[in-house]
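Visitor: Before I ask anything, let me first share the structure, which is written out below as C-alpha cells.
The values are calculated or read from the model by the stated rules, or taken from the named source; none is laboratory data. Please read all numbers here as calculations on a predicted model, not as lab measurements. Heads up, the Cβs are rebuilt from the backbone with ideal geometry, glycines too, and the neighbour counts pull from every protein chain shown. Note: accessible area is taken over every heavy atom of the protein model, side chains too, but ligands, DNA and RNA are not part of it. Shrake-Rupley method; radii C 1.70, N 1.55, O 1.52, S 1.80 Å.
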Amino acid sequence: MTDHDLKSLASSIQAVSSPFRNYLNDLYEKYRSLDEGKVADYIPELALANPEWFGICVVTSNGQLFEVGNCDRLFTIQSISKAFIYGLALEDWGREYVNSKVSVEPTGEAFNSIVLDEKTNRPYNPMVNAGAIATTDLIKGNGSTERLKRVLDLFRRYTGRDLEINVPVFLSEKATGHRNRAIAYLMLNFGMVTDRIEETLDLYFQQCSIMVNSHDLAVMAATLANGGVNPITGERALDEHYVQDVISVMLTCGMYDYSGEWTYKVGMPAKSGVGGGITAVVPGKLGIGTFSPLLDVKGNSVRGIEICKDLAKDFGLHLFNVAKPERDLMEWLERGESVDDW
Ligand code: DON
C-alpha cells in the first residue's frame, strides 16, 4: 500500500463521526492547556520542539482509526524504537541467545544509567540505553548500510510507510552522546557486545532519529495488539511468537523508572521516548499513539501519561481490570463507525 492509499484510507475512515471520536476530542481539550514539563534539551536538536504540539491517535486491532490534534506532526521516535528493535533481535537470534546478552529485569533507575548485572555483566533490559545498545548490536546484516536498511524496513512494516531519519538529530546525538559511547565501551570490555562498536552506536543513534508521528505510533502499537500483523496493511511486522516477549518488557520496563507506577495506574505495555511520543498496547484490542514534547523529570511525556490514564480508567483498559468499566469500548467502537446509527 502506498503512502497515498494509506492517507486516503485514513481520511475516509476519519471523516465519519463517532462517540469515541467525540470522547477523544474532549480529552484533547482537557489536556491541551496542561503545560507542566519541559522539552528535552540534552540532545541540542530536540530543544527546537514546540511545546504546543499535541496529538492523540487510537487504532483498533481491526484497523479503525481515531485521531485528534497534530497527528501528522513528525518527531523523532527516540527510545520507542527500542521495543521494536528488541523484536527484530529476537527474530534474528531467538529468545535464549538474546536473553544471554540482555536481561529483562526493570532497573528502577534512569534510562541512561551506567549499570550492568554484577554476576552476568548483562545490561538489565532492552529499554534502558545499555540494553538497547546491546540489542542493536544483535541486529544482523553485512555492514552499516544493510543493517540500517533492515531497521528501516522493520519500521516500514510496522507503520505501513517509508520512514526517514532526521539527520540533524542523528548528528547531534552522535556528536554529544558521550555517555552512550561510554556505556557501549564498558559492555565491550565485558565482552557483551561485538567490536563493531562505532557502527552499532551509529545504528542506535539512527534508529532513535527515525521520524514518526502519533498516527504511526498508534499503528505500531495496534500491530502488536493484533499479534504482529499491521491491521491497516495486513503485513506481518513481527513473528507472533515474539509479541509476548516484546510487550512483556514494555509493561515492566517501557516507562523507565516510572514503570511500576505506570503499570499500577495505567496497566498497558507501553514505550516512551524523549521526542515526546508514547506508544501503548491494549492486547487484542487497540494501539494508542500520543505526542506532546513536554516531558517530566523521568523523560516521559506529561500529557501522554494523562491521556493513557484517562483511557485506561474510562474504558477499563488496564490489563488486570476485572471490574465493569464506566464505558464499554468495544461496544462504542462497533456502533461508532456508521453515522446512521447516531
Ligand atoms: O540514548 C538516547 O539518549 C536517546 N537516543 C534515546 C533516549 C530516550 O528516548 C529516552 N527516553 N525517554
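Visitor: Go through the range 257-274 and give me each residue that's open to solvent by 10 Å² or more (accessible area, probe 1.4 Å) and within 12 Å of the ligand (Cβ to nearest atom).
Guide: Our first condition is that a residue be open to solvent by 10 Å² or more (accessible area, probe 1.4 Å); within the range 257-274, this holds for 257-258, 260-261, 263-265, 274.
The answer is Asp257, Tyr258, Val274.
The rows are residues; the columns are (1) free of Cβ contacts under 8 Å to residues at least 12 places away in the same chain; (2) in a loop (DSSP other than H, G, I, E, B); (3) exposed (fewer than 15 other Cβ atoms within 10 Å of the Cβ).
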position: Lys82; (1), (2), (3): no, no, no
position: Gly87; (1), (2), (3): no, no, no
position: Asn99; (1), (2), (3): yes, no, yes
position: Phe111; (1), (2), (3): no, yes, no
position: Pro126; (1), (2), (3): no, yes, no
position: Thr135; (1), (2), (3): no, no, no
position: Ile139; (1), (2), (3): no, yes, no
position: Glu146; (1), (2), (3): yes, no, yes
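Okay, residues lined up against (1) within 16 Å of the ligand (Cβ to nearest atom); (2) at pLDDT below 90; (3) hydroxyl-bearing (Ser, Thr, Tyr); (4) within 17 Å of Lys271 (Cβ to Cβ):
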site	(1), (2), (3), (4)
Thr107	yes, yes, yes, yes
Asn112	yes, yes, no, yes
Asp117	no, yes, no, no
Arg122	no, no, no, no
Val128	yes, no, no, yes
Ile133	yes, no, no, yes
Asp137	yes, no, no, no
Gly143	no, no, no, no
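Visitor: Looking only at residues in the range 18-43 that are touching a helix residue (DSSP H, G or I) at 6+ places or on another chain (Cβ under 6 Å) and aromatic (Phe, Trp, Tyr), which one is nearest to the ligand (Cβ to nearest atom)?
Guide: Filtering the range 18-43 for residues that are touching a helix residue (DSSP H, G or I) at 6+ places or on another chain (Cβ under 6 Å) and aromatic (Phe, Trp, Tyr), the one nearest to the ligand (Cβ to nearest atom) comes out as Tyr31.
Visitor: Right, another one. Among all residue pairs at least 6 apart or on different chains, which show Cβ distances below 7 Å where the first residue, located in the range 206-228, is modelled with pLDDT of 95 or more and open to solvent by 10 Å² or more (accessible area, probe 1.4 Å) and the second is in a helix (DSSP H, G or I) and more than 16 Å from the ligand (Cβ to nearest atom)?
Guide: Listed pairs, sorted by first residue: Gly227/Glu240; Gly227/Val243.
Visitor: Look at Asp72 and say whether it is among the charged types (D, E, K, R), open to solvent by 10 Å² or more (accessible area, probe 1.4 Å), in a helix (DSSP H, G or I) and touching a residue at least 40 places away in the same chain (Cβ under 8 Å).
Guide: Working: among the charged types (D, E, K, R): yes; open to solvent by 10 Å² or more (accessible area, probe 1.4 Å): yes; in a helix (DSSP H, G or I): no; touching a residue at least 40 places away in the same chain (Cβ under 8 Å): yes.
Here the answer is no, as Asp72 does not meet what is asked.
Visitor: Looking at the range 301-314 only, could you name the residues that are open to solvent by less than 10 Å² (accessible area, probe 1.4 Å) and either over 20 Å from His215 (Cβ atoms) or at pLDDT below 95 (or both)?
Guide: Once the filter is applied, which keeps residues that are open to solvent by less than 10 Å² (accessible area, probe 1.4 Å) and either over 20 Å from His215 (Cβ atoms) or at pLDDT below 95 (or both), the range 301-314 yields only Ala312.
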